[in-house]
Protein chains: 2
Amino acid sequence: MEEEVPGSVGTSASLALRLGQTVFSSASLLFMSLGVQFYSYTSFCYLVTIMGLNIPWSFTLALVDGYSLLVKCPLRQRGILMIIVIGDWILSILTLAAACSTASVVDLLMQTGGAYCPPKLCSRYQVSAAMAFLSWFLSLASSLFNLWLLPAL
Amino acid sequence: MEEEVPGSVGTSASLALRLGQTVFSSASLLFMSLGVQFYSYTSFCYLVTIMGLNIPWSFTLALVDGYSLLVKCPLRQRGILMIIVIGDWILSILTLAAACSTASVVDLLMQTGGAYCPPKLCSRYQVSAAMAFLSWFLSLASSLFNLWLLPAL
């Protein structure tokens with residue numbers, strides 16, 4: 001029974017998802033940390049930490065997907081797939097938490113009316129939060145597609 | 001094949017989980033909304049909204065569990081279980097988002113040093129966020145237990 005679930009490990013859809021995660025996570029990290037004073041707010045530090053975890057994880061799995069596609073031999077081991085699903089899932093929860101915290105803090109900072117963040121810096125934080133949400137969404141999609149494959153093995 | 005997954009719909013563990021969710025959600029809502037000015041911050045309004053969704057959902061499912069236990073006839077319909085799993089899952093994501101936003105906003109308010117929230121009000125917001133996290137955790141557990149049962153049907 002060799003079913004191909006689109007989006008599971010070793011398909012081109014999965015490679016696209018992983019690359020998307022890497023790009024969005026990196027964008028979120030850069031937009032946040034190129035602003036000067038990100039370390040003065042807890043949530044911004046948390047976002048930077050989580051993105052620092054997210055980028056190597058997504059990038060490694062993108063490499064695995066690329067390799068699987070090259071040698072045309074999809075990964076079909078229950079143990080490894082389980083680790084990937086659980087890892088994806090934990091990271092997606094952490095990413096969601098980071099994105100929500102950042103978004104709410106930015107919203108609050110903007111409400112106080114520019115005393116704590118000049119408009120240029122604020123919009124950069126907003127973009128960073130939006131990128132984190134996109135990264136969360138892609139990570140969730142990967143996790144779901146792999147979970148779908150799991151009972152078939 | 002009549003396996004009993006502990007924590008799935010219609011078991012006493014599930015009833016306990018649902019009651020816990022209802023209690024923690026209500027506590028979170030009360031701690032937040034008995035404070036006077038919760039509507040002046042977006043995240044606090046969001047928390048109140050989500051808890052207002054969470055309480056009836058958990059309470060209804062607690063009633064379903066209680067009924068199933070009384071008539072000793074567990075719910076074993078794939079469609080209904082699917083709705084419960086998806087509903088639980090969406091609500092747990094929303095609850096996590098609300099809890100994180102509230103926690104980060106409270107943290108920021110405390111950092112600014114009591115100008116925006118007096119210590120008594122701040123600690124009440126903190127308790128509310130903690131209750132929301134507990135409610136999220138129980139909701140996630142319910143969702144996972146029910147998901148576990150799903151392939152067996």
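The values are calculated or read from the model by the stated rules, or taken from the named source; none is laboratory data. Keep in mind that what you see is a predicted model, and the values were worked out from it rather than measured. Cβ coordinates were reconstructed from backbone atoms using ideal geometry, including for glycine residues, and neighbour counts include every protein chain displayed. With ligands, DNA and RNA removed, areas are computed over all heavy atoms of the protein, side chains included. Shrake-Rupley method; radii C 1.70, N 1.55, O 1.52, S 1.80 Å.
Flag not set for B:Ser68, criterion: closer than 27 Å to A:Ala99 by Cα, out of contact with any Asp or Glu (no Cβ under 7 Å at 6 or more places or on another chain) and open to solvent by less than 50 Å² (accessible area, probe 1.4 Å).
Only one entry of B:Ala103, B:Ala27 meets the criterion of being within 14 Å of chain A (Cβ to nearest Cβ), modelled with pLDDT of 85 or more, in a helix (DSSP H, G or I) and open to solvent by less than 40 Å² (accessible area, probe 1.4 Å), and that entry is B:Ala103. Taken together, A:Thr95, A:Thr49, A:Thr60 contain a single residue that is modelled with pLDDT of 90 or more, part of a helix (DSSP H, G or I) and surrounded by 15 or more Cβ atoms within 10 Å (Cβ to Cβ), which is A:Thr95. Could you check the range B:79-92 and list, in sequence order, the residues that are open to solvent by 60 Å² or more (accessible area, probe 1.4 Å), within 22 Å of A:Ser143 (Cα to Cα) and more than 14 Å from chain A (Cβ to nearest Cβ)? Passing the criteria: only B:Ile83. Among residues of the range A:137-152 that are within 15 Å of A:Gln77 (Cβ to Cβ), those with a beta-carbon under 7 Å from a residue that is of a type in the set (S, T, N, Q) and surrounded by 18 or more Cβ atoms within 10 Å (Cβ to Cβ) at least six positions away or on a different chain give the pairs A:Asn146/A:Ser8; A:Leu149/A:Ser8. From the list A:Cys122, A:Cys117, the lone residue that is more than 11 Å from chain B (Cβ to nearest Cβ) and assigned to a loop (DSSP other than H, G, I, E, B) is A:Cys117.
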